[in-house]
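Participant: My questions will all concern the structure given below.
No lab work stands behind these numbers, since they all come straight from the coordinates. If you're wondering where the values come from, they're calculated on a predicted model, not measured in any experiment. Neighbour counts run over all protein chains shown; Cβ positions are idealised from the backbone, glycine included.
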Amino acid sequence: MNQSIENEVAIFGGGCFWCTEAFFTELKGVQSIAPGYIGGEVVNPTYEAVCTGTTGHAEAVKIEFNPAEISYELLLEVFFATHDPTTLNRQGNDRGTQYRSEIFYTNNQQKQLAGAYIEFLTQEQAFPDPIVTKITEATTYYVAENYHHNYYSGNKEQGYCSFVITPKLEKFKKIYSDILK
């Protein structure tokens with residue numbers, strides 16, 4: 001009897017969710033991505049409120065994935081390869097607690113895998129500075145406003161997209177060509 005494998009959820013805060021979403025959208029096994037907000041104190045936060053840095057939320061992506069097609073470990077690898085996990089509350093010119101590097105685990109296995117991967121990267125001295133990525137239990141996830149969904153794909157000519165996301169995405173596609181859709 002064939003049993004189908006249920007999709008799982010991974011939640012990552014890696015800076016601007018437009019950029020993070022653009023990378024994970026390309027991966028085989030990723031079923032859906034929802035940019036949003038997590039880890040704050042305000043109920044139903046808006047983009048404008050989160051941008052003030054006063055709500056406590058991180059911009060994040062909630063990734064539904066098929067573990068038979070892509071592993072959580074590979075998602076972790078992509079997460080760490082596509083942002084700077086050594087800068088506290090900052091990614092490039094984006095500054096504030098909403099741009100922090102944080103993994104929001106949805107089960108104990110994800111917590112253990114994330115901790116082990118950070119330990120591995122630290123031992124391998126993969127980055128010149130210490131990793132500041134937090135590992136936190138997932139709390140209520142608030143899906144961002146509709147205009148943030150698939151933002152990059154609909155706004156490639158916009159300044160931030162063309163100057164920041166496009167070059168990083170082109171490099172990413174060369175390195176990870178074997179796992180792209």
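Participant: If a residue must be basic (Lys, Arg), assigned to a helix (DSSP H, G or I) and surrounded by 11 or more Cβ atoms within 10 Å (Cβ to Cβ), how many such residues does the stretch 154-181 contain?
Facilitator: Selection size over the stretch 154-181: 3.
Participant: When residue 80 is evaluated against the numbered criteria (1) touching a helix residue (DSSP H, G or I) at 6+ places or on another chain (Cβ under 7 Å); (2) in contact (Cβ under 8 Å) with a residue 60 or more places away in the chain, which criterion, by number, is the only one it fails?
Facilitator: (2)
Participant: Looking for whichever is free of Cβ contacts under 8 Å to residues at least 24 places away in the same chain and aliphatic (A, V, I, L, M) here; the options are 30, 42. Which one fits?
Facilitator: 42
Participant: Within the stretch 70-94, how many residues are part of a strand (DSSP E or B) and surrounded by fewer than 14 Cβ atoms within 10 Å (Cβ to Cβ)?
Facilitator: Here the count works out to 0.
Participant: Restricting to the stretch 22-60, count the residues that are surrounded by 19 or more Cβ atoms within 10 Å (Cβ to Cβ), part of a strand (DSSP E or B) and either touching a Phe, Trp or Tyr at 6+ places or on another chain (Cβ under 7 Å) or small (Gly, Ala, Ser) (or both).
Facilitator: 10
Participant: Further question: Within 18 Å of the chain's Cα centre (by Cα) and either hydroxyl-bearing (Ser, Thr, Tyr) or more than 16 Å from residue 82 (Cα to Cα) (or both): is that true of residue 153 in this structure?
Facilitator: For residue 153, the condition - within 18 Å of the chain's Cα centre (by Cα) and either hydroxyl-bearing (Ser, Thr, Tyr) or more than 16 Å from residue 82 (Cα to Cα) (or both) - is met.
Participant: How many residues are closer than 20 Å to residue 44 by Cα and free of Cβ contacts under 8 Å to residues at least 40 places away in the same chain when one looks only at the stretch 128-181?
Facilitator: 3
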